[in-house]
Amino acid sequence: MSIIYTGKTKNLGVIGYPIHHSLSPVIQNTVLQSMELDYAYIAMPVKENELESAVKGLKALNFSGFNVTIPHKINIIKYLDEIDGAASLIGAVNTVLIKNDRLYGYNTDYEGFLSAFQAKKFSLKNINGLILGAGGAARAVVYGLLKVGVGSLCIAARNVVKAQKLVDDFKKMGNIKACDWADVSVNEILQKADLLVNTTPLGMYPNVDKMPPVDMSILSSKAIVYDVIYTPEKTKFLIEAEKYGHVVLNGEYMLAGQGAAALKKWIGCKDVDIDLMRIALHEALIKKI
Ligand code: NAP
């Protein structure tokens, strides 16, 4: 089916730099077309020093909203009229809604992360989680897990000062502590963990032979292992986890899920077909690599 855009078509997109690798246009346009919505979603390269003029331009061009990716997720905040509580605590915005001439910022990465558990019908209530890494993705993961009421979280990272800063920012939301991932005490936490999440780039294409330093052999046998990386589809971390019989989840869920949550904000509907977005993403990834 060929798409005809008209003078009434509404505009959406993603800004970042570089942006040519972005798969957001594929996943968003697939679902927009399946829902027969008259929107077009495009990728727009915006350099760091052009962020302010780009934001003004998108508003002037009457865009309905846009996604924000590296390197603008933090710097965008100063150009917005309002940001919601989750984005404020996570400290980054990946979705902007433009409504009545005002710019509203959200972070939908945490919703994307959680969508994998909804898809697999896993309950997170009162579980013990071990999160590897303390960067931007970890902050979204921690927010999501604490919001749904996990029992405890430990943030293990190579930089324990950064992990402790994350803990200080989120400790009002629940039971959370930091540790140095090289410390032997991590093994005790591993044994009790119901969920192990990699939020570092270790193992991401092209460095596919890397993984965070965890001993999967001592991880509780019922634990779910989640890697937020989506290239490759199965990182060394997930391959290792599967050897010990763990259920594994990859970053495709998070990427498709954050896109679905963003689209809901722009078009104001309750349901978006996340599965369709994830399949479109998966097929695009297979064709690309
Ligand atoms: P970030 O803010 O730079 O944080 C990266 C974290 O990993 C930091 O704790 C960093 O430690 C640690 N790290 C980086 N390189 C390391 C190494 N060689 N050894 C040990 N630790 C290392 O990055 P991010 O935005 O959180 O992204 C992290 C990963 O998540 C990327 O692979 C990204 O593609 C993925 N991601 C996926 C989604 C999705 O939708 N699926 C969304 C967001 C991010 P230091 O602070 O010590 O450097």
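Okay, here's what the table says:
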read-out	value
Unique match (being closer than 27 Å to Asp84 by Cβ and under 19 Å from the mean Cα position of the chain (by Cα)) among Leu285, Leu238, Leu281, Leu202	Leu281
Enumerated helices (runs of 4 or more DSSP H) restricted to region 219-289, each holding at least 3 residues that are within 19 Å of Leu130 (Cα to Cα) and modelled with pLDDT of 95 or more	236-243
Tally of residues being open to solvent by 60 Å² or more (accessible area, probe 1.4 Å) and outside any helix (DSSP H, G or I) across region 181-218	13
Residue that is most open to solvent (accessible area, probe 1.4 Å), among those in region 4-19 that are of a type in the set (Val, Ile, Thr) and over 14 Å from Ile267 (Cβ atoms)	Ile4
Single condition Lys59 does not satisfy, out of (1) open to solvent by less than 60 Å² (accessible area, probe 1.4 Å); (2) over 23 Å from Ile274 (Cβ atoms)	(1)
Candidate set: region 200-221, residues that are out of contact with any helix residue (DSSP H, G or I) (no Cβ under 8 Å at 6 or more places or on another chain) and more than 8 Å from the ligand (Cβ to nearest atom); chosen: the one farthest from Tyr110 (Cα to Cα)	Ser217
Count of residues meeting criterion [without any contact (Cβ under 8 Å) to a residue 60 or more places away in the chain, within 16 Å of the ligand (Cβ to nearest atom) and within 27 Å of Ala260 (Cα to Cα)] in region 135-171	8
All positions within region 125-143 that are out of contact with any helix residue (DSSP H, G or I) (no Cβ under 6 Å at 6 or more places or on another chain) and either surrounded by 24 or more Cβ atoms within 10 Å (Cβ to Cβ) or not charged (D, E, K, R) (or both)	Asn126, Ile127, Leu132, Gly133, Gly135, Gly136, Ala137, Ala138
Scan of region 222-262 for residues that are away from the ligand (no atom under 15 Å from the Cβ), within 17 Å of Ser123 (Cα to Cα) and either open to solvent by 20 Å² or more (accessible area, probe 1.4 Å) or without any contact (Cβ under 8 Å) to a residue 24 or more places away in the chain (or both), ordered by number	Lys222, Ile224, Val247
Hits in region 20-38 - residues which are over 12 Å from Ala284 (Cβ atoms) and open to solvent by less than 30 Å² (accessible area, probe 1.4 Å)	Val31, Leu32
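The values are calculated or read from the model by the stated rules, or taken from the named source; none is laboratory data. Given the structure is predicted, the values throughout are model-derived calculations rather than measurements. Ideal geometry is used to build each Cβ from the backbone, glycine not excepted, and the neighbour counts take in all protein chains shown. Accessible surface areas use protein heavy atoms only, side chains included; no ligands, DNA or RNA. Shrake-Rupley method; radii C 1.70, N 1.55, O 1.52, S 1.80 Å.
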